[in-house]
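Accompanying notes for the structure given below.
The values are calculated or read from the model by the stated rules, or taken from the named source; none is laboratory data. All values reported here derive from a predicted model rather than from experimental measurement. In this analysis, Cβ positions are derived from the backbone assuming ideal geometry, glycine residues included, and neighbour counts consider all displayed protein chains.
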Amino acid sequence: MNVIPPATVTRAGLSPDTIRRSAVAVALLIVLAIGTARSPDFLAVENVMNVLRQNAVLALIALGMTVVIIGGGIDLSVGSVLALTSVVAVKLVAVSIPLALIVPVALGAVIGLGNGLIVARLKIAPFIATLATLLALRGLTIAAFGEETVPLTDGRAAFMAFGRATVAGIPVQVPIVIVAALAVAFVLGFTRFGRAVHAVGGNEHSARLLGLRVDRVKVMIYVISGALAGGAGALFAARIGAGITNYGLGLELDAITAVALGGTLLTGGVGGVGGTLLGVLLIGFLFNLFNLDATLDPFLQKVVRGLLLTLVVVLQGVVARKRT
């Protein structure tokens, strides 16, 4: 039995998912056009590469958030996981650079495992469970390391060389994000686990009747999200050469906004990786425009963030009602 219902098609022959991805692509083109008109440096190669490098962290976290939201959950702890793992990565550089890249991923996966068990076994609402993890990890990080910024000491040059390296002129973060995106897209689109994630997010009760291991699926989506957030923490530390205990405040909301802009329904069951990456690019270039254009008040970024999230929630409510 196929656990994923076939995509509905509009009279124009396009699925709603395709229409949503097309909408965010059009919005991205509009932002690029406005940016080019207001700043001659907006589409300069150096600026574009800088936007891609800076938003790789958001992209990795948004990929994990995509999996969680499709599975019917939410993960508010990703910003705190990023902050903790960035400091852990810095501390491990003196021991081994490979360890400084691998251990944060493993640590993030363990934290995600904890989130998943709380949600699946204890039946705590994902919002409450991950909010508690957010607060606990943030407090633990600050209490354990004290200072706001933990700088690199031994191995600084080599670690930062990796964080600022390029591959054929492209920041090393870009191929890492591409590989992660392809892996997540393959898992969601071509594996039994991916089909189960869509089924659980679409209708958990029906998924149980189909014999799917719903609790296991719930645990694994948080493991994936935590692992990607941990990897983002390591990349962040390598790029700036330090770990920051209070970094990532509000990053979970940016990730949710990017995922929703890309067409993934916040109610679960529907979504994909391609739209999420377009959403990340839209947010990245939009806020880069604020940084380049001196006539735009940088404090308006927070207003725009709030308006974007509100708009997405309203539109998704309309879509959800139509699907119902």
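Set side by side, the residues Val105, Val95 differ, and just one is surrounded by fewer than 24 Cβ atoms within 10 Å (Cβ to Cβ) and in a loop (DSSP other than H, G, I, E, B), which is Val95.
Screening Thr276, Thr245, Thr166, Thr191 for residues that are hydroxyl-bearing (Ser, Thr, Tyr) and under 14 Å from the mean Cα position of the chain (by Cα) leaves exactly one candidate, Thr276. From the list Val280, Val214, Val304, the one residue that fits, being surrounded by fewer than 23 Cβ atoms within 10 Å (Cβ to Cβ) and at pLDDT 95 or above, is Val214.
Count of the range 155-201 residues, restricted to those that are among the small types (Gly, Ala, Ser), farther than 15 Å from Ala234 by Cα and at pLDDT 90 or above, is 8. Considered as a group, the residues in the range 283-301 that are under 27 Å from Leu188 (Cβ atoms) and not aliphatic (A, V, I, L, M) include one that is surrounded by the fewest Cβ atoms within 10 Å (Cβ to Cβ), and that residue is Phe285.
On the stretch given as the range 104-138, residues that are farther than 17 Å from Glu252 by Cβ and either in contact (Cβ under 8 Å) with a residue 60 or more places away in the chain or in contact with a Phe, Trp or Tyr (Cβ under 8 Å, 6 or more places away or on another chain) (or both) total 10.
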